[in-house]
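Here's a structure for you.
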Amino acid sequence: MEDNRLVQGAPVRKRILDEVRSYTDATPDMPRLISVLIGDTAEAAVYIRNQKRGAEQAGLPFEEVVWPADITQEECKARIVQMNDDAIVLGVILQRPVPDHINVRSLQSAIHPLKDVEGMNPASIGNIVYSDVALAPCTAAASVELIKETGLPLEGLEVVMIGHSEIVGKPAAMMLMAEGCTVTVCHHMTRSVAMHSRRADVVVVAVGKAHLVGADMIKPGAAVIDIGINQIETDEGVKIVGDVDTDAVKQVAGWVTPVPGGVGPVTVALLMRNAMVAHQRQLAAGWL
């Protein structure tokens, strides 16, 4: 069917980064983003590389720091508090995973909300309840951005969110409610996910199960936003796939985001937009 289309993240990413670039070009002495990696974790390397590239394209200074794997929780917190007080630090990006002895939520809470460019501080997530979504978790915000990209009007849209994690599912549901959507949240205790998803105008899925969502779960013409990233073994080797069986679903859906290449690129761009918003808010607060 010719009218079905993949919603590619690249054009959306470029549009957002260009918007940030025009801001940074007009702003001398931009403070820097600090990427904090605790221990030398190979899994984080690809994320850091993508963030660094995004920052370069957005005109944001980006500095990578690596703390030793055996650093104490107290020392981590002390260093973050120091960054909160440092005017040359625009925002702190805490890379995951962290070593087992580190409580990541405690460190996210230590990052001041005005420097929380990832939108992970409980205060930032709490603000979403009041429809203040300017510094929202980037992956959740990316899913909203890609729904807008379909051209569907968000007011009154019937959305089913599959997955209710603290950093994606719950904030995405709150953000969509702030946009005027009617949101149903499904999770592992939901009796029949398909019963809900089949009536939805938009299905957003973030559970981390490869090909969980098939064509039989989607209403014809619906939009499907796939946040999952899973590695599966195929005859050609390891392949990255989403939570949606894309090839099957795109025969039914009006729009579906590919994995890779859908939500991921937009997530990085929104991290840079959050940095721009953080700069504006720090200026307004008299910090800069």
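Taking the Cα atoms of the chain, report the difference between the largest and smallest coordinate on each principal axis, in whole Å and largest first.
Per principal axis, max minus min of the Cα coordinates gives 53, 39, 34 Å.
Here is a further query. How big is the gap, in Å, between the Cα center of segment 89-110 and the Cα center of segment 254-286?
For segment 89-110 versus segment 254-286, the Cα centre distance is 19 Å.
Among the lysines in the chain, how many pairs, 8 or more places apart or on different chains, have alpha carbons under 17 Å apart?
5
Report the residue, chosen from D235, D85, D116, that carries the largest GNM mean-square fluctuation when the chain is represented by alpha-carbon nodes joined by springs under 10 Å.
Judging by the Gaussian network model, the answer is D235.
In segment 151-288, how does Rg compare with the Kirkwood Rh, expressed as the Rg/Rh ratio over alpha carbon atoms?
Checking Rg against Rh, the ratio lands at 1.04.
Select from L270, M174, L283 the residue farthest towards the positive end of the dipole of segment 169-288; place +1 on Cβ of Lys and Arg, -1 on Cβ of Asp and Glu, and compute about the Cα centre.
So the residue we want is L283.
Another question, if that's okay. Return the carbon/sulfur percentage of the accessible area of segment 224-288, one whole number, probe 1.4 Å, all protein chains in place.
52 percent
Now, a different point. Which is the longest part of the chain that has none of the GluC sites (Glu not before Pro) sitting in a DSSP loop with at most 16 other Cβ atoms within 10 Å?
Value returned for the longest uninterrupted segment is 3-154.
Moving to a separate point now. Let's see if you can work this out: charge +1 on each Lys and Arg Cβ, -1 on each Asp and Glu Cβ, no other charges. What is the dipole magnitude of the chain about its Cα centre, in debye to the nearest 20?
Using Cβ point charges on Lys, Arg, Asp and Glu, the chain gives about 420 debye.
Give me the accessible area per residue for the chain, probe 1.4 Å, as a whole number in Å².
47 Å²
Run the helix sum for the chain: -39,500 (n - 2.57) per DSSP H stretch of 4+ residues, divided by residue count, reported at 222 nm to the nearest 500 deg cm²/dmol.
Value at 222 nm, helices only, nearest 500: -11500 deg cm²/dmol.
The values are calculated or read from the model by the stated rules, or taken from the named source; none is laboratory data. Small disclaimer: the values here were computed from a predicted structure and weren't measured. When we count neighbours, we look across all protein chains shown, and the Cβ atoms used for this are built from the backbone with ideal geometry, even at glycine. With ligands, DNA and RNA removed, areas are computed over all heavy atoms of the protein, side chains included. Shrake-Rupley method; radii C 1.70, N 1.55, O 1.52, S 1.80 Å.
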